[in-house]
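First comes the structure, then the notes that go with it.
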Amino acid sequence: MSSAAPDTGLTTIPEKDIDRHRPVAQSMVTRVVVLEDGGGASPTALAGTGRRFVSTVSTGSVRKTREVELARTVAAIRPDDQMLSIPAHTLLYRARRGIAVALAVAEVFARAGELEAMQAKNARSPLEGDEAMRFHKLVAAAAYVAAFSFASYLLQTIESDAEAPNDIAEPDFLFDTQQDALKAMVAGLDKAIAGARDDADMAARARAFATAAIEGLLARKGRFDGLGAFEDAHIRIDQDDFTLDGFDVAPGRKSKPLVMTFKKPDEIVGNHIAKFQAMRLAKMLMAYDFDRQLNPFVELGGFLFTFIGDGAPGTGKTILIQMTAGLINDYCRVAGYPFHYENFGVDQISSYQGKSGQNCKQFVNNVLNPRAIGFGTVDDIDQVAAKRSDDRASAGQQEITGVLMESFAGASTVVRGNCSFGMFSNYPENVDDALRQRAGARWLVDGPQTRDDYVDIFVLLAGRNHEIPLGEHELFEAQQIRKAVTTAYEQHSKPREEGLQRVYERFLDRHGEPKTMADIGTYLHMIKEAEPRFTGRAIKNVTDAIKMRAMDIDLPDEWFETPEAFMHKSYDVKKAMIEELREPFTMAMVMQEINRYADSEFRYSDRSDDAAVEKLVRDARLRERALRDVEAMKASGAWGG
């Protein structure tokens, strides 16, 4: 850990500066007195519910003192044992340590601005006028920083895999001084864990409190002046594995070693374009610069932030995920970078209102963490997220759709280039149109296609426990990636879906082969007239894919064999190395990418229409059958009220 300016490196907090605040921290976890709003809530939980009776009589103006003894509240979770359990001791220790760390961080904030000097001046003689107002604003800002640091410390250092409760409220924030702010946080933590069923529930409640506190603090951030010095702060405490990067919210869950079955590229037969783009994505992510928190591919164009893979069951979507995660994991090991892989599935859809959206937002934030390389997947996206027009979908599915749409291309989406999200489905036509169009790339996962593919996959899966001759076949010759990809791309020089073929033929009849940008725009407009889903966002996705083809460069394997060859170089050097390999895109690339993307939209549209027709036909048949049954029941006298 090195000391440097806040915008260029990590700021050191010596352990002695933290230890200096230990006595104050100890007193706070032992006993504090806080002033709280009455709020009309009973202090006693209703039996078996964990909820409190709320009076209908307004008591908003009533404030009263409350004694908070966090150590006693923690001990009361297991009243039959005089000693604290290991999780209980850990929580109490983390709370005390978090207070000390928060006070030390607030001191760093004071030194970075003018607060420390003003504190010294105020100690000599009270400040007056505008200077006094400025001083009070900076004191409140330091109190805010202390509260944020404490909540972040709890979130990053307390581990829990239990279901987070829904009844955790944010604390009654106070920002008069740093100590007042931390007393309010301790009181909120005490209230959150009071009455926890067991150690697991206690830890889950503590984490939920930290999350609620951070959300409440960020919502109030605009009220404080002078926080700019903290926005660019990079603070690291190795002893606790705790990091503060301004007001960026860390995922707060320690990454565990990734356990999954990895696949090598040569273990996948077919799916050439998808496999090639997955291999490129893995190398592309490794160009991310942790100091600049940006990837040269984002600046140069061609970075793949979101994609959707579709294909029939059994064509290789799962094995493609395993291959991509395996490649990224291997590169991260070489570079010494943290890697976070996470899948969001149907098991995270909750029956509690709002909980599914929370789970999805946590998944997105975990993968977005700018201090790690991330890869997030949503398998069976058609089951996890729902079409907004589907009135049979659960509220949880609708929440997930909203969160993913906002996260993948919302107003607050920031693409740094450290992570990528993949959505996979057997039935992408069942995915909401707007969400599907937020996928910047389309991977058709159609599995083995040719005779050579089928020979290769059978030989690969059959193993060597036989003496059957191979016959007339060049084993794995068709899987040579460059050759296979070139062939696969050339297949998109002309459309493959019937609806798009008709549009393409009309375009050729009227305008001939495309030669100019105007020709391309005309073709895109004709596609729009035939398929209304082909919107401006679709054009953006096509142009992103074209830029990616322009960056269709093989980053040399030797760049990733040692950290120093490429991954640990500075951002500007990495960008220059990539730029040297870049080539301009061609008309052939443009037409291939337009057809590849438009084919997928026509394919989804046709499938969706087919499904709708099948439903109408089935409903009509059921109505006819029901009418026949009714007539038969009337004839037999069995129909009546």
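Scanning segment 447-459 for residues that are open to solvent by 50 Å² or more (accessible area, probe 1.4 Å) and in contact with a helix residue (DSSP H, G or I) (Cβ under 7 Å, 6 or more places away or on another chain) yields 450, 452. When 450, 413, 401 are checked against the criterion of being under 16 Å from the mean Cα position of the chain (by Cα), among the polar types (S, T, N, Q) and farther than 25 Å from residue 282 by Cβ, 401 stands alone in meeting it. Assess whether residue 176 counts as being farther than 28 Å from residue 239 by Cα and more than 31 Å from the chain's Cα centre (by Cα). Criteria met by residue 176.
Mind checking which helices (runs of 4 or more DSSP H) fall wholly inside segment 58-151 and carry at least 2 residues that are farther than 26 Å from residue 16 by Cβ, more than 34 Å from the chain's Cα centre (by Cα) and modelled with pLDDT of 90 or more? In segment 58-151, the matching helices (runs of 4 or more DSSP H) lie at 70-75. Quick check on my filter: what residues within segment 176-193 are open to solvent by 40 Å² or more (accessible area, probe 1.4 Å), more than 16 Å from residue 97 (Cα to Cα) and touching a residue at least 24 places away in the same chain (Cβ under 8 Å)? Those that are open to solvent by 40 Å² or more (accessible area, probe 1.4 Å), more than 16 Å from residue 97 (Cα to Cα) and touching a residue at least 24 places away in the same chain (Cβ under 8 Å): 176, 177, 180. Whether any residue in segment 547-557 is surrounded by fewer than 18 Cβ atoms within 10 Å (Cβ to Cβ) and farther than 20 Å from residue 276 by Cβ is what I want to check. No: segment 547-557 contains no residue that is surrounded by fewer than 18 Cβ atoms within 10 Å (Cβ to Cβ) and farther than 20 Å from residue 276 by Cβ.
Checked against (1) open to solvent by less than 50 Å² (accessible area, probe 1.4 Å); (2) modelled with pLDDT of 85 or more; (3) of a type outside the set (Phe, Trp, Tyr), residue 561 passes all but a single condition, namely (1).
A search for C-beta distances below 7 Å between a residue of segment 579-591 that is on the phi < 0 side of the Ramachandran plot and surrounded by 13 or more Cβ atoms within 10 Å (Cβ to Cβ) and any residue that is assigned to a loop (DSSP other than H, G, I, E, B) and modelled with pLDDT of 80 or more, counting only pairs 6+ apart in sequence or on different chains, returns 587/514; 591/514.
Restrict the check to segment 1-11 and report whether at least one residue is among the polar types (S, T, N, Q), at pLDDT below 90 and surrounded by 15 or more Cβ atoms within 10 Å (Cβ to Cβ). Within segment 1-11, one or more residues are among the polar types (S, T, N, Q), at pLDDT below 90 and surrounded by 15 or more Cβ atoms within 10 Å (Cβ to Cβ). The set of residues from segment 409-434 being modelled with pLDDT of 85 or more and open to solvent by less than 10 Å² (accessible area, probe 1.4 Å) comprises 417, 418, 419, 420, 421, 422, 423, 424, 425. A Cβ distance below 6 Å, combined with a sequence gap of six or more or placement on separate chains, defines the contacts here; from segment 402-419, residues that are under 15 Å from residue 296 (Cβ atoms) and polar (S, T, N, Q) reach residues that are open to solvent by less than 60 Å² (accessible area, probe 1.4 Å) and in a loop (DSSP other than H, G, I, E, B) in the pairs 418/288; 418/370. Among residues of segment 23-49 that are at pLDDT below 70, those with a Cβ under 6 angstrom from a residue that is hydroxyl-bearing (Ser, Thr, Tyr), sequence gap 6+ or separate chain, pair up as 38/59; 40/55; 40/59.
Starting from residues that are surrounded by 19 or more Cβ atoms within 10 Å (Cβ to Cβ) and of a type in the set (Asp, Glu), keep the ones in segment 380-408 and report whichever is modelled with the lowest pLDDT. Top of the filtered list is 382. Restricting segment 229-249 to residues that are assigned to a strand (DSSP E or B) and of a type in the set (A, V, I, L, M, F, W, C) leaves a set whose member that is farthest from residue 108 (Cα to Cα) is 242. Within segment 209-225, residues that are more than 15 Å from residue 165 (Cβ to Cβ) reach partners that are open to solvent by 30 Å² or more (accessible area, probe 1.4 Å) with beta carbons closer than 6 Å, at six or more positions or on different chains, in the pairs 214/249; 216/170; 225/137.
Of the residues screened, residue 618 is not one that is modelled with pLDDT of 85 or more, more than 24 Å from residue 331 (Cβ to Cβ) and loosely packed, with under 14 Cβ neighbours inside 10 Å. The test for being open to solvent by 60 Å² or more (accessible area, probe 1.4 Å), at pLDDT below 90 and more than 30 Å from residue 151 (Cα to Cα) does not hold for residue 241.
The values are calculated or read from the model by the stated rules, or taken from the named source; none is laboratory data. None of the values given here were measured: they were computed from a predicted structure. Cβ atoms come from the backbone with ideal geometry, glycine included; neighbour counts cover every protein chain shown. Each accessible area value is taken on the protein alone, full model and side chains, heavy atoms only, with ligands, DNA and RNA left out. Shrake-Rupley method; radii C 1.70, N 1.55, O 1.52, S 1.80 Å.
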